[in-house]
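Below: the structure, in structure tokens.
Read-outs throughout are calculated quantities, based only on the coordinates presented, and are distinct from any laboratory measurement. Note that the coordinates shown come from a computational prediction; the quantities given were computed from them, not determined experimentally. Heads up, the Cβs are rebuilt from the backbone with ideal geometry, glycines too, and the neighbour counts pull from every protein chain shown.
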Amino acid sequence: SKKISGRGGENPGLSDLGREDAHRVAEALKAIGNSGQYAYLTPPSAIVASPIQRTVDTANIIANSLGLPVTLDEDVAEISFGDWDGHTNEEVANKWPDQWEAWRGSWTVAPPNGESLVEFDERVMRARKRITQEHAGSTVVVVAHVMPIRGITRAALNGGIETYWRPQVSPCSLTIIRFWGLEAAELIAFNATDHLV
């Protein structure tokens, strides 16, 4: 329905198609460290997921496939769109025209009762720091959303605010980033979807 779906609102679970995609990505993750193009990486040893229902559903399917527990982390939840959650972009532009224009592309403007990008980025960077420190030397599956994936990728590339708006992130795609602490990173794959075909 093209409605904004952030860190609030209806919080739907996965559809049947979403569950099929989750099983496909789980199979792709099982190959990491074992076979195929990512055989050289360490197999996943931990799963961290956003507490939003669609990511919890996806993480549980992955966990059943990999035989690993899921740790929920509020800091990798999707950005909060506040009052705009559940509306289309067109509806928001019509109902909140001044706030919509001020928010578009802004680092500091938040939707009414939502998060600004700078607040969101600080939250996601806390998660990145915590995950890399707690799981040093390990492969961690982070089941998140478009904006957290863009944020962690932004950090890996040392990109600016535009990194939040330019990349496409598809549902159940794979993005693989190797971090060396907080100082260096290597983007191995971004928005890989060949496992979904």
Open item on the list: Whole percent per 10 Å bin, from 0 to the bin with the longest distance: what is P(r) over all C-alpha pairs of region 49-104?
Closed with: 21, 33, 23, 17, 6
Open item on the list: How much length would be gained if the chain were fully extended between Ala31 and Leu72, taking 0.36 nm per residue of separation minus their Cα-Cα distance, in nm to one decimal?
Closed with: 12.4 nm
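Restricting to region 1-148, compute how many DSSP beta bridges are antiparallel as a %, nearest 5.
Bridges in region 1-148 that DSSP calls antiparallel: roughly 10 percent.
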TODO: Could you work out the local net charge near Asp194, counting Lys and Arg as +1, Asp and Glu as -1, over the other residues with Cβ closer than 14 Å to its Cβ?
DONE: -1
Open item on the list: Under 10 Å, Cα contacts only: if you run a Gaussian network model on the chain, which one of Arg150, Arg130, Arg166 comes out with the highest mean-square fluctuation?
Closed with: Arg166
Task: Net dipole in debye of the chain [+1 Lys, Arg Cβ; -1 Asp, Glu Cβ; about Cα centre; nearest 20] - done: 440
Open item on the list: Placing one identical point scatterer on every Cα of region 1-146 and ignoring solvent, what is log10 I(q)/I(0) from the Debye formula at q = 0.19 Å⁻¹?
Closed with: -1.12
Open item on the list: Below 12 angstrom from the Cβ of Asp85, what's the summed charge of the other residues (Lys, Arg +1; Asp, Glu -1)?
Closed with: -3
Open item on the list: Pairs of alpha-carbon atoms within less than 8 angstrom and 6+ residues apart define the contacts here; what relative contact order does the chain have, in percent?
Closed with: 22
Open item on the list: Under the 0.36 nm per residue contour assumption, what length would be gained going from the current alpha-carbon distance of Thr163 and Leu41 to full extension?
Closed with: 41.3 nm
TODO: Among Gly18, Leu41, His145, flag the residue with its Cα farthest along the positive direction of the charge dipole of the chain, charges on Cβ as +1 for Lys/Arg and -1 for Asp/Glu.
DONE: Leu41
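Over its Cα atoms, what ratio of radius of gyration to 2.2 N^0.38 Å does region 2-61 give?
1.34
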Task: Helix-derived mean residue ellipticity, 222 nm - over the chain, DSSP H n ≥ 4, -39500 (n - 2.57), to 500 - done: -11500 deg cm²/dmol
Task: Euclidean distance between Cα centres, region 6-53 to region 89-144, Å - done: 21
- [ ] Could you estimate the translational diffusion coefficient of region 154-197 from the Stokes-Einstein equation, with Rh from the Kirkwood formula over C-alpha pairs, at 20 °C and 1.002 mPa s, in whole µm²/s?
- [x] 186
TODO: Compute the normalised compactness of region 106-161: alpha-carbon radius of gyration over 2.2 N^0.38 Å, N being the residue count.
DONE: 1.22
Open item on the list: Using square roots of five times the C-alpha gyration tensor eigenvalues, list the equivalent-ellipsoid semi-axes of region 61-179 in whole Å, biggest first.
Closed with: 29, 16, 13
